[in-house]
1. Hey, what did region 256-405 get for relative contact order, percent, Cα under 8 Å, at least 6 apart?
2. Based on the mean of other beta carbon atoms within 10 Å per residue, what is the order of 302-314, 83-95, 373-385, most packed first?
3. Express in whole angstrom the spacing between the alpha-carbon centres of region 1-58 and region 95-166.
4. Filter the chymotrypsin sites (Phe, Trp or Tyr not before Pro) in region 158-266 down to the DSSP loop ones having no more than 13 other Cβ atoms within 10 Å, then list what survives.
5. For SER35 and ARG2 in the same chain, what is the full-extension length gain: residue separation times 0.36 nm, less their Cα-Cα distance, in nm?
6. Which entry in (1) -0.21, -1.04; (2) -0.25, -1.07; (3) -0.24, -1.19 matches log10 I(q)/I(0) by the Debye sum over Cα atoms at q = 0.06, 0.13 Å⁻¹ derived from the coordinates of this structure?
7. Arrange ASP62, ASP27 by Cβ neighbour counts within 10 Å, fewest through most, would you?
8. Tell me the label-point distance for the pair LEU362, ARG123, using the 7 Å Cα-to-Cβ offset, in nm and rounded to one decimal.
Amino acid sequence: MRAFLILLAAYTLSQFYRAFLAIVAVDLNRDIGLSPADLGQVSAAWFAAFALGQFPVGWALDRFGPRRTVSVFMIAAVAGAAWLSAASSKAECLAAMSLIGLGCAPVLMGSLYLFGRIYPPERFAMLSSLVIGLGNAGNLLGATPLALAAEAFGWRAALAGMAGITAASALLVALALRDPERLEGGQGGTLLGGLREIAGMRALWLIVPVTLVSYAVVVATRSLWIAPFLSQVHGFDALARGNAAFAMAVAMSAGALAYGPIERLVGDPKRTALAGSAATGALFLALGSTGHTSGATAVALLAALGMTGMTYGIIMAHARRFFPARLLGRGVTAMNFVFMGGAGLVQILSGAFVARSQAAGLPPADTFATLHLAFGAALLAATALYLLAPAKPAAGRMAAQAAGE
């Protein structure tokens, strides 16, 4: 329980950092001159650094364990948050967000590594959903509370305060977290050797498309576009935007928490993730078709797709079935690279699309309708491919994994 709470606190901060830009987007535009395309790139820098960090993080988890891995990486997040609070240019924002992304890279993976090492595979989905659902409180911090703090003290002071809180969390991990026992015979070889073995697991190939898209479209909506959409299309002020983002964040937390018990009831992570992804894709299509009609309709649809879209832990639980213990760290971080790489890619592409649409004089309602329809179509296409993925390893493969563990 102590380890769960320590890592949960750190993961809450990671969730804050991936979602807060939408709330201070207007401030960054006013004080630093960041355009929508710039904001997309700055947000994408977090995800790109986070994604690329998964490779050394996976090796470090298998080699050193979560205590040293998480605490050392989090130093970068502290430095990045402090730098961003004083940034005065796009280049500084990009560098600072990259440092924050790198520093957050091992936090959730440290939790999943512990769950995979300590508990049987059938409990992985429930525990993953629990930490993800509770950790989404960081999304809540990055909504109305951040809007209120930025209004009262300024966005720079608010971010400087978050840098101090992040430093305290890193210190807590270093001093109080305990690693699981080391595996007999070492921790699984080299970084590249393990990644080659994971890339050769053909069962994962049909899981990758939905991994690439499912989280990306939801987090892009929450972290980057919810505030501009509601401001430009429905005229929401700063507090109303913060409240809407807060509502979506609550729904995301509730969805992540609910998916664990649902998966236990269904008894199959694949079927659970399929249903959630199909529902989310349909809700994006509904948002693109009707989200311009009223602010209430838009917020309701955003909350609904936030709830159904939190399939991350369930898809990860499905993929975890194919990883032996010696490759667990590199396995879950390789999948997380796909999750976060997709998120970064969608941030860049959507930012470029919105910027081009604005330059062409396209009405905001049409711009965001097209964006949401594209998100829905991409997710439904990936879900169709996911139908073909195996639900679990073949009997011979499972026996080989058991022998390897």
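1. About 38 percent, as a whole number.
2. 302-314, 373-385, 83-95
3. Their Cα centres are 9 Å away from one another.
4. TRP205
5. 7.6 nm
6. Correct label, based on the coordinates given: (1).
7. ASP27, ASP62
8. Computed distance between label sites LEU362 and ARG123 equals 4.9 nm.
Since every read-out is calculated from the coordinates, none of them should be taken as a lab result. Because the structure is predicted, anything quoted here is derived from the model rather than measured. So basically every Cβ, Gly included, is an ideal-geometry build from the backbone, and we count neighbours across all protein chains shown.
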